[in-house]
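A short worksheet on the structure shown next.
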Amino acid sequence: MENKIEAVIFDWAGTTVDYGCFAPVQAFTEVFKEFGVEPTMEEVRKPMGMLKIDHIRTMLSMERIQSLWQEKYNRPSNEEDVQAMYDVYEAKLLSVLDQYAEVKPNVLETIAKLRENGIKIGSTTGYTDKMMEIVTRVAKENGYEPDAWFSPDTVGSKGRPYPYMVFENMKALGIDSVKKVVKVGDTISDILEGKNAGVISIGVIEGSSEMGLSQEEYEALSEEEKKAAVESVKEKFFAAGADDVIQDMGELVDLILK
């Protein structure tokens, strides 16, 4: 990369922890079912990476979900519904988060190599501070602790695709130019966050929310199926404006230091 990279800012679930990004998915699915609307996996995963209350708003505005809602309640959904659903969602998510903070393959080795080369490690998330208390604690127990992390709570709830969490990381890490920063994430929202911040935006494929498979499910695929799944995610990332795409975290160091 032309400019010397001084910081890499990672997403959390689906990127550095929680292979396949299953904690939020499980909670979103359960909440919508509880309110009488069964979402598809595609509908649940499409807004992934956003602030969680924005994720619920986005799902409720989807045509099929909104028509099912109107069928059930004889009225359109409103902000009170969003809040009621979010309260249930938050409780569900907080109760399972500690089970979904396992560090993904190749992450610890990659972070160690980046640090050996003087690169600082930042992070952004769609989780709130309350959720991150759990995730950061368990991740630290598993050996992963970035130099900085910021949630949408620190930027007036303007999470992805807004760029502000990236800028907060730059400020905390003392980076003077967006040209010296790489953002790595596993969702379209991550790619857009990076692009909107003007930093290099990289998508990671394996274990991503965009792919939506557990490690066991991915490894059980034939070589041909793996190739097709990888290509499909790669296309989506590039269509969203990604500067580059890596198959897994093991490829990041060579890409950044080349």
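To keep it simple, each residue is scored yes or no on (1) modelled with pLDDT under 95; (2) within 21 Å of ILE53 (Cα to Cα); (3) touching a strand residue (DSSP E or B) at 6+ places or on another chain (Cβ under 8 Å).
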| position | (1), (2), (3) |
| --- | --- |
| ARG137 | no, no, no |
| LYS171 | no, no, no |
| LYS180 | no, no, yes |
| THR187 | no, yes, no |
| ILE191 | no, yes, yes |
| ALA220 | no, no, no |
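Here's a check for you: in the stretch 194-205, which residue that is aliphatic (A, V, I, L, M) and either touching a residue at least 60 places away in the same chain (Cβ under 8 Å) or in contact with a Lys or Arg (Cβ under 6 Å, 6 or more places away or on another chain) (or both) is surrounded by the most Cβ atoms within 10 Å (Cβ to Cβ)? Full working, then the answer.
Applying the first criterion (aliphatic (A, V, I, L, M)) to the stretch 194-205 yields 197, 199-200, 202, 204-205.
When the remaining residues are screened for being either touching a residue at least 60 places away in the same chain (Cβ under 8 Å) or in contact with a Lys or Arg (Cβ under 6 Å, 6 or more places away or on another chain) (or both), the result is 199-200, 204.
Numbers: VAL199: 27, ILE200: 24, VAL204: 30.
Among residues in the stretch 194-205 that are aliphatic (A, V, I, L, M) and either touching a residue at least 60 places away in the same chain (Cβ under 8 Å) or in contact with a Lys or Arg (Cβ under 6 Å, 6 or more places away or on another chain) (or both), the one surrounded by the most Cβ atoms within 10 Å (Cβ to Cβ) is VAL204.
Of the residues LYS104, LYS113, LYS140, only one is open to solvent by 10 Å² or more (accessible area, probe 1.4 Å) and in contact with a Phe, Trp or Tyr (Cβ under 9 Å, 6 or more places away or on another chain); which?
After applying the criteria, what remains is LYS104.
Would you say SER208 is buried (at least 19 other Cβ atoms within 10 Å of the Cβ), in contact (Cβ under 8 Å) with a residue 60 or more places away in the chain and part of a loop (DSSP other than H, G, I, E, B)? Talk me through it step by step, then tell me what you get.
Details: buried (at least 19 other Cβ atoms within 10 Å of the Cβ): yes; in contact (Cβ under 8 Å) with a residue 60 or more places away in the chain: yes; part of a loop (DSSP other than H, G, I, E, B): yes.
So SER208 passes the test.
Against the definition (over 23 Å from LYS4 (Cα atoms) and open to solvent by 30 Å² or more (accessible area, probe 1.4 Å)), how does LEU221 come out, yes or no? Quick ask: steps written out before the conclusion?
Details: over 23 Å from LYS4 (Cα atoms): yes; open to solvent by 30 Å² or more (accessible area, probe 1.4 Å): yes.
Judged against the criteria, LEU221 is a match.
Of all helices (runs of 4 or more DSSP H) completely enclosed by the stretch 29-96, which ones contain at least 2 residues that are open to solvent by less than 30 Å² (accessible area, probe 1.4 Å), within 26 Å of ILE191 (Cα to Cα) and in contact (Cβ under 8 Å) with a residue 12 or more places away in the chain? Don't jump to the end; show me each part of the working.
Working: elements: 41-45, 52-60, 63-73, 79-96.
Once the helices (runs of 4 or more DSSP H) in the stretch 29-96 are filtered for at least 2 residues that are open to solvent by less than 30 Å² (accessible area, probe 1.4 Å), within 26 Å of ILE191 (Cα to Cα) and in contact (Cβ under 8 Å) with a residue 12 or more places away in the chain, what remains is 41-45, 52-60, 79-96.
Being within 25 Å of LEU108 (Cβ to Cβ), open to solvent by 40 Å² or more (accessible area, probe 1.4 Å) and part of a loop (DSSP other than H, G, I, E, B) is the requirement here; does GLU216 meet it?
On the way: within 25 Å of LEU108 (Cβ to Cβ): yes; open to solvent by 40 Å² or more (accessible area, probe 1.4 Å): yes; part of a loop (DSSP other than H, G, I, E, B): no.
Considered against the rule, which asks whether it is within 25 Å of LEU108 (Cβ to Cβ), open to solvent by 40 Å² or more (accessible area, probe 1.4 Å) and part of a loop (DSSP other than H, G, I, E, B), GLU216 comes out as no.
I'm told GLU224 meets every condition in (1) assigned to a helix (DSSP H, G or I); (2) farther than 28 Å from ARG115 by Cβ; (3) within 16 Å of the chain's Cα centre (by Cα) except one. Can you identify the failing condition by its number?
Among (1) assigned to a helix (DSSP H, G or I); (2) farther than 28 Å from ARG115 by Cβ; (3) within 16 Å of the chain's Cα centre (by Cα), the lone unmet condition for GLU224 is (3).
Give me a count of the residues in the stretch 128-148 that are in a loop (DSSP other than H, G, I, E, B) and in contact (Cβ under 8 Å) with a residue 40 or more places away in the chain.
Keep residues of the stretch 128-148 that are in a loop (DSSP other than H, G, I, E, B), which gives 128, 142-148.
Then drop every residue that is not in contact (Cβ under 8 Å) with a residue 40 or more places away in the chain, which leaves 128, 142-144, 146.
Residues that pass the stated criteria total 5.
Taking into account only those residues within the stretch 116-134 that are in contact with a helix residue (DSSP H, G or I) (Cβ under 8 Å, 6 or more places away or on another chain) and among the charged types (D, E, K, R), which is most open to solvent (accessible area, probe 1.4 Å)?
Initially, the stretch 116-134 is screened for residues in contact with a helix residue (DSSP H, G or I) (Cβ under 8 Å, 6 or more places away or on another chain), giving 117, 119-131, 134.
Still in the list and also among the charged types (D, E, K, R): 120, 129-130.
Values: LYS120: 83, ASP129: 50, LYS130: 109 Å².
Per the criteria, the residue is LYS130.
The values are calculated or read from the model by the stated rules, or taken from the named source; none is laboratory data. Since the model is a prediction, treat every value here as computed from it, not as a measurement. Positions of Cβ are backbone-derived with ideal geometry, glycine not excepted, and every protein chain shown enters the neighbour counts. For the accessible areas, the whole protein counts, side chains as well, though only heavy atoms, and no ligand, DNA or RNA atoms are used. Shrake-Rupley method; radii C 1.70, N 1.55, O 1.52, S 1.80 Å.
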